[in-house]
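What follows is a single structure, written as structure tokens, with notes after it.
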Amino acid sequence: MIKNPYILSIESSCDDTSAAVLQGNKVLSNVVFTQIAHKEYGGVIPELASREHIQKIIPVVNEAISKAEIKKSDLSAIAVTQGPGLLGSLIVGVSFAKSLAQSLSIPIISVNHMHAHVLANFSSEPYPEFPFLCLTVSGGHTQLVKVNDYTDMEIIGQTIDDAAGEAFDKAGKMLGLPYPAGPEIDRNAKNGNPKFEFSKAKVDKYAFSFSGFKTSVLYFLRDQIKQNENFIEQNLPDLCASIQKNICDVLIEKTEKAAIEYKINTLALAGGVSANSQLRSDFQTMCKKNNWNCHIPAFQYCTDNAGMIGLAAYYKYKAGIFDQLDLVPDPRLSFQS
Ligand code: KG4
Ligand code: ZN
């Protein structure tokens with residue numbers, strides 16, 4: 001086995017077509033094409049996503065290889081997201097990765113997208129020490145993960161309905177913001193006051209629930225608009241700040257409780273929502289207050305990217321875990337597989 005193998009990784013689980021090249025655990029290139037075709041529909045259209053992946057995968061892979069200044073023949077393995085995600089989108093990445101691996105006669109390594117989000121915390125030093133507790137917040141998932149090792153992680157709490165990113169996106173949609181609304185809420189919240197209160201779900205210990213919050217935003221807006229049809233435009237920054245605070249407070253509260261109960265003093269953040277400025281700052285404040293080590297990936301490793309897929313694959317490569325060419329995508333890939 002090569003000590004610092006060149007690995008090409010591919011991510012196509014949702015609406016980002018991405019490819020990266022790593023040398024060992026060092027990311028040499030990380031190219032992300034974010035599909036804009038979905039904007040006008042207010043959410044990701046699966047069929048549209050697969051077609052965009054088909055069009056973009058070759059140029060994105062070529063760009064990643066040329067930016068890394070290597071040749072295809074230098075590669076030791078091809079890594080690809082197996083799931084969870086959209087079936088049609090995953091098929092594009094997996095089929096492409098299998099063809100390339102076969103043509104170069106090198107192994108293929110499948111990666112669980114949710115493990116990769118966690119392992120994005122190894123994109124720069126200092127690396128978190130095991131065991132650590134990771135709050136993964138994305139458009140499709142909200143998970144509190146106890147990370148025992150690179151390939152050994154367990155979920156100790158997750159959402160029972162909407163994910164945190166979905167809560168941002170759906171609340172933003174009610175405000176008329178374009179998809180994905182998370183970054184828009186973040187931007188508008190900077191000039192706002194979190195003066196409006198929305199409901200917080202009372203669910204089991206480390207479970208999360210955002211569907212009640214969503215309904216509470218909907219009813220609140222409906223009542224206000226009845227009295228003043230310009231309510232949203234006149235209060236946009238305060239509404240964004242209030243929505244953001246509600247979501248962040250729940251996430252921080254539960255994470256803090258879990259870290260105390262599990263006696264874990266190294267914490268990490270992951271997933272697209274970890275790009276949120278308030279969440280990043282609240283997470284750091286919580287860690288400082290409790291004297292915990294705090295790890296937050298750089299922005300480009302928070303949202304979907306192939307760099308994190310390559311990192312997860314590198315640790316599988318080191319552990320000697322490879323796949324065969326009969327690999328199939330799994331849109332509902334379980335966290336433990
Ligand atoms: O991890 P990700 O890129 O894709 C999934 O695997 O789902 O996460 C996308 C989610 C979207 O819901 C988006 O609104 C949210 O991350 N997001 C943010 C921010 N940037 C991205 N949410 C709040 N604030 C942000 N700055
Ligand atoms: Zn993701």
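I'd like the orientation of helix 231-261 relative to the chain: the angle between its Cα long axis and the longest Cα principal axis, in ° from 0 to 90, rounded to 10. The helix 231-261 is inclined about 60 degrees to the chain. Rolling a 1.4 Å probe over the heavy atoms of the protein chains gives the chain an accessible area of 45 Å² per residue. Among the listed pairs K98/K146; K195/K263; K173/K254; K56/K98; K257/K316; K214/K263, which have their C-alpha atoms separated by more than 28 angstrom in this model? Among K98/K146; K195/K263; K173/K254; K56/K98; K257/K316; K214/K263, the Cα-Cα distance tops 28 Å for K98/K146; K195/K263; K257/K316; K214/K263. The dipole here belongs to the range 126-296: it is taken about the Cα centre, uses +1 on the Cβ of Lys and Arg and -1 on the Cβ of Asp and Glu, and is about 340 debye.
Mean projected area of the Cα convex hull of the range 111-173, taken over all directions, amounts to 4.9 nm².
The DSSP beta bridges internal to the range 126-296 are antiparallel in roughly 60% of cases. When +1 charges are put on Lys and Arg Cβ atoms and -1 charges on Asp and Glu Cβ atoms, the dipole computed for the chain relative to its Cα centre reaches about 400 debye. Between the C-alpha center of the range 224-238 and that of the range 258-277 there is a gap of 34 Å. For the range 126-296, list log₁₀ I(q)/I(0) at each q in 0.17, 0.18, 0.20 Å⁻¹, using the Debye formula over Cα point scatterers of equal strength and ignoring solvent, two decimals each. With one equal scatterer per Cα and no solvent, log10 I(q)/I(0) is -0.98, -1.08, -1.28. Taking only the Cα atoms of the chain, the radius of gyration and Dmax are 20.2, 69 Å. The GluC sites (Glu not before Pro) of the range 136-227 meeting both criteria, a DSSP state outside H, G, I, E and B (loop) and at most 16 other C-beta atoms within 10 angstrom of the site's C-beta, are E197. Largest to smallest in accessible area, the residues R332, R280, R51 fall in the order R332, R51, R280 (1.4 Å probe, all protein chains included).
Cross-link reach is defined here as a Cα-Cα straight distance under 20 Å, omitting same-chain residues fewer than 8 places apart; for K318 the aspartates and glutamates meeting it are D74, E125, E129, D149, D152.
Length available on full extension from K263 to E47: 0.36 nm per residue minus the Cα-Cα distance, which gives 73.3 nm. Taking the average, over residues, of other Cβ atoms within 10 Å as the packing measure, peptides 1-13, 317-329, 135-147 rank 135-147, 1-13, 317-329 from highest down. If each residue of separation counts as 0.36 nm, what is the full-extension length gain between S199 and I58 once their alpha-carbon separation is subtracted? Full extension from S199 to I58 adds 46.2 nm.
The values are calculated or read from the model by the stated rules, or taken from the named source; none is laboratory data. Small disclaimer: the values here were computed from a predicted structure and weren't measured. Here Cβ is always computed from backbone atoms with ideal geometry, including for glycine, and neighbour counts include all displayed protein chains. Please note that ligands, DNA and RNA were not included when accessible areas were found on the heavy atoms of the full protein model with its side chains. Shrake-Rupley method; radii C 1.70, N 1.55, O 1.52, S 1.80 Å.
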